[in-house]
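The values are calculated or read from the model by the stated rules, or taken from the named source; none is laboratory data. As the structure is a computational prediction, the values presented were derived from the model and not from experiment. For neighbour counting, all protein chains shown are included, and Cβ atoms are generated from backbone atoms with ideal geometry for every residue, glycine included. Remember, those area values only see protein heavy atoms, side chains included, never the ligands or the DNA or RNA. Shrake-Rupley method; radii C 1.70, N 1.55, O 1.52, S 1.80 Å.
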Amino acid sequence: MSNAQVICYPDTGGPLTLAEIDDRLNEHGIYQQAGDTGPDREEVAPPSEWTWATETSGYVATMIACWATDKPEPGAGRNPWFYGKHIRLECAHRLGLVTEADYHEAKELLARRLPVILHDPSIGIPREPKRYEIADMRKHAVTVAAAKTDEQAHAELGGHTHDDGPAAVFDEPIPLTQTTQIPAFPVDALPAPIADMVRAVSESTQTDPAMAATSGLSTISACTGGHVVIEVRPGWREPLNIYTVPIAAPGERKSAVQATMVHPIFDVEQQLGDAGLSARLEALTRKEVAENAAEQSKRDAARKANTDGWDKALADAIGAAQIADAIEVPSIPRIVADDITPEAAASLLAEQGGRLAIISAEGGIFDIIAGRYSGNVPNMDLWLKGHSGDPLKIDRKNRPPEYVRRPAVTLGLMIQPDVLRTIAGNRQFRGRGLLARFLYAYPESMVGHRRIAATPVPANVRERYETTIRDLAAGLAGWLSDPAVLTLTEAAGKAVIAIETAVEPTLAGDGELAPLADWGSKYVGAIVRIAGMLHLAEHGFDAGPTTSVSAQTIHSAHRIGTYFKACAIRAFSEIGTDHVTVDAVYLLDRIARLCQDTVSERDLMRAAKRFKKKDDLLPAIARLVDHGYLLPLPSHRSTGGRPASPVFKVHPIVTEGR
Amino acid sequence: MSSTTTDPASTITDFAELLETLGFTGDEFISIGHEHRGAWRTAVMAPTDAAGYVAKLPEGANIFFGVNPVTGPARANAGRGAETDVTRLAALWADLDVKPGACKSLHIANAIIDDLSGLVGTRPSVITHSGNGLHPYWPVDDGHITDTGAARALVRRFGRLVVAVAGEHDARVDSVYDLARMLRVPGTYNNKGGTT
């Protein structure tokens, strides 16, 4: 068009705000991508000049095959993950490392995987693909690949060329699993009698203090659970019971530590049992006599059936049965149980006024929760409500259901790492929030460095600890009415708000708790529960409930909470690790044992017996290639006969055992 | 050069009115560039001076203005202002050329604008017929730039939305989504051979 006038016409729209624009773009799948905020990308290699390979390179073929099963880590951005794959594919096209057919097949594969990954609740909040999400990733990836230097494009593909000769140089491999630094357990944050005992048990058993400290906390929880709650502010109360689970390998002296720390509770159980013995015997005798009398009346009434005295005899029999039934025999006091079926635990919980602690140095309880005794049907209400304190209905065989108004369960378990991996396989444990209720601990292993004939626990330290726990347990056991309510000082209330304010942003986006937001959302509550427990252990059952919890105690609980937070991040990282990563870790271990600079696919099939067929092995190989532990070497030209098995160069870090 | 046209005045937005629609104020600066007989010249001035300045340029020139205000002071032939000089995101825009290989017809260009309007939730406030296609403008209310990178990213993403929507109409659009983008001045002429 020549010499046309430029004319502007009004239209009907109003202005937009930046937030509205951002929202609308996200809504339609036009997300901000890495590099969007930077300077303009200069085109280095126009897409019109890119060529197709006659044969897709081994590395690219493996990379694409891996996408069929690969998925982002939980909490990682799903759109950026796919976008990265598209960029790598475009780089493969740009470098002439992929055939046109394989390229289009790979694009279709990614398009098929997008809704699958977006709907997977283990990765993030399920959502639908956005209208332009795929189109934008595809188009934009072309632009990004075109703007890369040759070196940058090769780097996207692990430095691969078709010959993989001189360019086959390893970079530092990317770790297969996330590693988290676990701080030392802040023993000095515990009240003095507990802290001294933790240090002494740690010394005598030559174990990380975290193990005894966590066990000590579950022991306090067994004393306080169901008897006391803490009110953070109107409308927010937390019961003072916790679920703990230190994770340690076999031979780490878990049982010895736990038995020592929980011992005083059994003393109290014995004392309470002894104290109530005569009353129980009396009630039991009265009940048995009444039952015998009722039985006799029943027989008498039966004999007088259809006679003049039958009405009276029947009324006597009913009355006697009611009298016998009304006599309650006090149950034997139980604070702690070990391996127990859900039905027995429920009955015990009802008998003991809603309070029960299960303290065990094994993780068998998880099998029970998963339904070992109930036809593999998980029965989790007891364990979920036992932590939250929500009312629980307990169905009992041949008897009316019982209602526990405020169940308060303590779980003090110690498990092996393998158990954690088994737990991770149960989707309901995570999905229904059971795993979010546990405080995880990773005591550092001292095996191989333990001092022989270490100092035993000094008698005065043991006595002071046991007295503290016994007094607390016995004192609170006598509190049979509604739970006592702990309050916070004004400064303590502010301290909790400060913790909440700091934690909240970490639950979303790139925050450290975002991948475990289910656990993170209970984190401040756990700190408050610990604060209440520390307060009672410090002030005792008498003065404790009438004294407000101080800011210093909140601070101490926060320090302990920080330890548990670091452990939870590691635990959920392990829980969330997908099976391909688990396989890759296993395969890497097998490769390390081979001590070879190069390995073939056949070598790996032979060395890694877990893989029954090649299709099981390939995703693990692809993951090791992706992370830079293996480098595919060029395949030799076919000379007929059986095709050569693909060969991989092994990163020296593997063979050097680093 | 005057900004009058042959259309009824009530249905036409002149340059000054366009700048008002885009929220230009007296304390901002606008960049104007023009190409005449192969020479490219730029000037940065107060928005109130822009219409007068444009009117004095030769009718045979291709004249453009920076959609977004830039830093002062007023100057001539010292560059139109780089992205980092842009002080406010005044509007989102699209550059929909009507020609083979782009939008096949004005109808297609209008259909793309309709679709974009549906997606962003509002019609553009003004549409310029550039002599070679359409330039719809969606003004931004709170576009003062505190982070150039963030503003740059938003404009680029909108550009990608335009590309995606155009693709659905089998149309290709130019990649003209940088903060310092200049578009044709209403009331001027699109002289063949000029840069659009």
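For the protein assembly as shown, give me the percentage of DSSP beta bridges that are antiparallel, rounded to the nearest 5 percent.
Counting DSSP beta bridges with both partners in the protein assembly as shown, the antiparallel share is about 70 percent.
Roll a 1.4 angstrom probe over the protein heavy atoms and tell me the percent of accessible area of chain A that is carbon or sulfur.
Carbon and sulfur: 53 percent of the exposed surface of chain A.
Counting Lys and Arg as +1 and Asp and Glu as -1, what is the net charge of the other residues whose Cβ lies under 13 Å from the Cβ of A:Thr487?
-1
If you take the square roots of the eigenvalues of the alpha-carbon gyration tensor of the protein assembly as shown and sort them as a ≥ b ≥ c, do you get rounded (a/c under 1.5), prolate (a/b over b/c) or oblate?
Because a/c hits 1.5 or more and a/b exceeds b/c, the protein assembly as shown counts as prolate.
Across peptide B:134-142, what mean number of C-beta atoms from other chains lies inside 10 Å of a residue's C-beta?
4
Using a Förster distance of 45 Å, how high is the FRET efficiency between A:Cys595 and A:Glu151, based on the Cβ-Cβ distance and rounded to 0.05?
0.85
Express the accessible area of chain A per residue in Å², computed with a 1.4 Å probe while the remaining protein chains stay in the model.
Dividing the accessible area of chain A by its residue count gives 47 Å².
Per the 1.4 Å probe, what fraction of the accessible area of chain B, in percent, lies on carbon and sulfur atoms?
51
In square nanometres and to one decimal, what's the mean projected area of the convex hull around the Cα atoms of segment A:422-509?
Projected area, direction-averaged: 12.5 nm².
With bins 10 Å wide starting at 0, give me the P(r) of segment A:12-92 over every alpha carbon pair, in whole percents.
12, 31, 32, 18, 6, 1
So for the protein assembly as shown, taking the charge dipole from beta-carbon charges (+1 Lys/Arg, -1 Asp/Glu), which of A:Pro175, A:Asn292, B:Thr122 sits furthest toward the positive end?
Checked the options; the winner is A:Asn292.
Modelling each spin label as a point 7 Å along the Cα-to-Cβ direction, I'd like the A:Ala543/A:Asn3 distance in nm, to one decimal.
Modelled inter-label distance: 10.2 nm.
Could you check what % of the DSSP bridge pairs in segment B:66-150 are antiparallel, to the nearest 5?
About 90 percent, rounded to the nearest 5.
What per residue convex hull volume, in Å³, comes out for segment A:257-391 when only alpha-carbon positions are used?
For segment A:257-391, the hull spanned by Cα atoms encloses 151 Å³ per residue.
Take every Cα-Cα pair in segment B:86-128 and report what % of them are more than 12 Å apart.
65
Once the other residues with Cβ under 11 Å from the Cβ of A:Pro191 are scored (Lys, Arg +1; Asp, Glu -1), what is the net sum?
Cβ neighbours under 11 Å give a net charge of -2.
Which number comes out as Rg/Rh for segment A:165-283 once both Rg and the Kirkwood Rh are worked out on C-alpha atoms?
1.22
Short version: which residues of segment A:90-139 lose at least 20 Å² of accessible area, all chains versus chain alone, 1.4 Å probe?
A:Arg131, A:Tyr132, A:Asp136, A:Lys139
Compute the length gained on full extension between A:Asp311 and A:Val289: take 0.36 nm times their separation in residues and subtract their Cα-Cα distance, giving the result in nm to one decimal.
Contour length minus the Cα-Cα distance gives 5.6 nm.
Tell me the mean residue ellipticity at 222 nm calculated for chain A from its helices only (DSSP H runs of n ≥ 4, each -39500 (n - 2.57), averaged over every residue, nearest 500).
Counting only the DSSP helices, I get -16000 deg cm²/dmol.
Starting from the Cα-Cα distance between A:Ser645 and A:Thr17, subtract it from 0.36 nm times their residue separation and give me the gain in nm to one decimal.
The A:Ser645-A:Thr17 span can extend by a further 220.2 nm.
Rg and Dmax of segment A:212-270 over Cα atoms: what are they, in angstrom?
14.3, 47
Dividing the convex hull volume of the alpha carbon atoms of segment A:82-156 by its residue count, what do you get in Å³ per residue?
So the per-residue hull volume is 89 Å³.
Just the Cα atoms of segment A:481-592: what Rg and Dmax do they give in Å?
In order Rg, Dmax, the Cα atoms of segment A:481-592 give 18.9, 63 Å.
State the Cα centre-to-centre distance between segment A:443-514 and segment A:1-55 in whole Å.
Centre-to-centre distance over Cα atoms comes out at 55 Å.
Output the Cα-based Rg and Dmax of segment B:72-196 in Å, rounding Rg to one decimal and Dmax to a whole number.
Computed over the Cα atoms of segment B:72-196, radius of gyration and Dmax are 14.9, 44 Å.
Estimate for me the total accessible surface buried between chains A and B (protein heavy atoms, probe 1.4 Å, no ligands or nucleic acids), in Å² to the nearest 100.
In total, this chain pair buries about 4100 Å².
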